[in-house]
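What follows is one structure encoded as structure tokens, with my remarks underneath.
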Amino acid sequence: MEEAISIKSIFTTLKERWKLILITMVFFALISGIVSYYLLTPVYAASTQILVNQKHSGEQVDSLQIQTDIGMINTYSEIIKSPVILQKVIDELDLKQNTSQLGEKITITSKENSQIFLLTVQDSNPANAVKIANGVSEIFQKENKNIMNIDNISLLAKAKLQENPSPIKPNPILNIGIATFIGLLIGIGLAFIMEYIDNTIKSEKDLETLLDLPILGSIQKDS
């Protein structure tokens, strides 16, 4: 006979196995905290602000030209991460990495219909992140004139090293929170699995349910 799982039985199981659920949550939170604080390498970010704007001799600015400049940001994203630029950065800054490794540290972001984009570099050393971000931006500005034959790049803001830089990742609090929630789900799952495989009879109600017969009487233990 199949047993129907009622809401009451669910809460009973959770109540009886609360220690298991709590231990599982604490275990996952503890592991996450150890990994986040002691095993994962902190990563820092530094950004430069770059304007794409064709320099005009007249005072009027053509809206079509502005849209062209905006559209070129995607092209410039590829140029910045190309070996032509990155190898010059490596040579000039004397970096101990290849162009592929350096390219993975760089991200380009821009808002819709904006001529300004951010060049962000991530590194385990905050000073290196600043140095590389500024180096890539400056070399790109110089080389773009030869590559595209257009002088439309201006550096609006350089990256600066903060007095007490904070890593962008890992985020220990967030990681511990997620791990605790996962531990809760796994703990609940383990609680129901253990309840399912536990065939011991703990009460008259269990015996009644197992045999599908009413209890007529019981024998009290002589104290």
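What follows draws every value from the coordinates through simple rules; no lab data is involved. Owing to the predicted nature of the structure, the values given are computational and were not obtained by experimental measurement. So basically every Cβ, Gly included, is an ideal-geometry build from the backbone, and we count neighbours across all protein chains shown.
Calculate, in nm to one decimal, what residue 66 and residue 124 gain on full extension: separation in residues at 0.36 nm each, minus their alpha carbon distance. Numbers along the way, then the final one.
Details: separation 58, 0.36 × 58 = 20.88 nm, distance 3.70 nm.
Residue separation times 0.36 nm, minus the Cα-Cα distance, leaves 17.2 nm.
What does the extension gain come out to for residue 10 and residue 161, with contour length at 0.36 nm per residue minus their alpha carbon separation? If you can, show how the numbers build up before the last one.
Numbers: separation 151, 0.36 × 151 = 54.36 nm, distance 5.49 nm.
Value of the extension gain: 48.9 nm.
As a test of the definition: which semi-axes, in Å, follow for the range 57-121 when you take the square root of five times each eigenvalue of its alpha carbon gyration tensor? Largest first, please. Walk me through the numbers on the way to the answer.
Values: eigenvalues 175, 33, 16 Å².
Semi-axes, largest first: 30, 13, 9 Å.
How are the C-alpha pair distances of the range 5-151 spread across 5 Å bins, as whole percents from the shortest bin up?
Per 5 Å bin, starting at 0, the Cα pair percentages come out as 2, 8, 14, 14, 12, 9, 7, 6, 5, 5, 5, 5, 4, 3, 1, 0, 0.
Can you work out ³J(HN,Hα) from phi for every residue in the range 149-156, in order, using Karplus 6.51 cos²θ - 1.76 cosθ + 1.60 and θ = phi - 60°, giving whole Hz and x for Gly and Pro?
The phi angles translate into 6, 9, 9, 9, 10, 10, 8, 7 Hz.
Take the Cβ-Cβ distance between residue 114 and residue 43 as r, set R0 to 25 Å, and report the resulting FRET efficiency rounded to the nearest 0.05.
Numbers: r = 26 Å, r/R0 = 1.05.
Plugging the Cβ-Cβ distance into 1/(1 + (r/R0)^6) gives 0.45.
Karplus couplings for the range 35-43 from phi (6.51 cos²θ - 1.76 cosθ + 1.60, θ = phi - 60°), rounded to Hz, Gly and Pro as x?
Residue by residue, the range 35-43 yields 5, 5, 8, 10, 10, 7, 7, x, 10 Hz.
Taking amide H positions as placed 1.01 Å from N in the peptide plane, with prolines and chain starts having none, which residues 5 or more places from residue 153, or on another chain, fall under 5 Å of its amide H?
Correct list: 53.
Please work out the FRET efficiency for the pair residue 151 and residue 104, using the Cβ-Cβ distance as r and a Förster radius of 41 Å; give the result to the nearest 0.05. The partial results should precede the final answer.
Details: r = 30 Å, r/R0 = 0.72.
According to the calculation, E is roughly 0.90.
Among the listed pairs 96/131; 105/145; 88/169, which have their C-alpha atoms separated by more than 21 angstrom in this model? Write out the running numbers ahead of the final one.
Numbers: 96/131 14 Å; 105/145 24 Å; 88/169 29 Å.
Checking Cα-Cα distances, 105/145; 88/169 exceed 21 Å.
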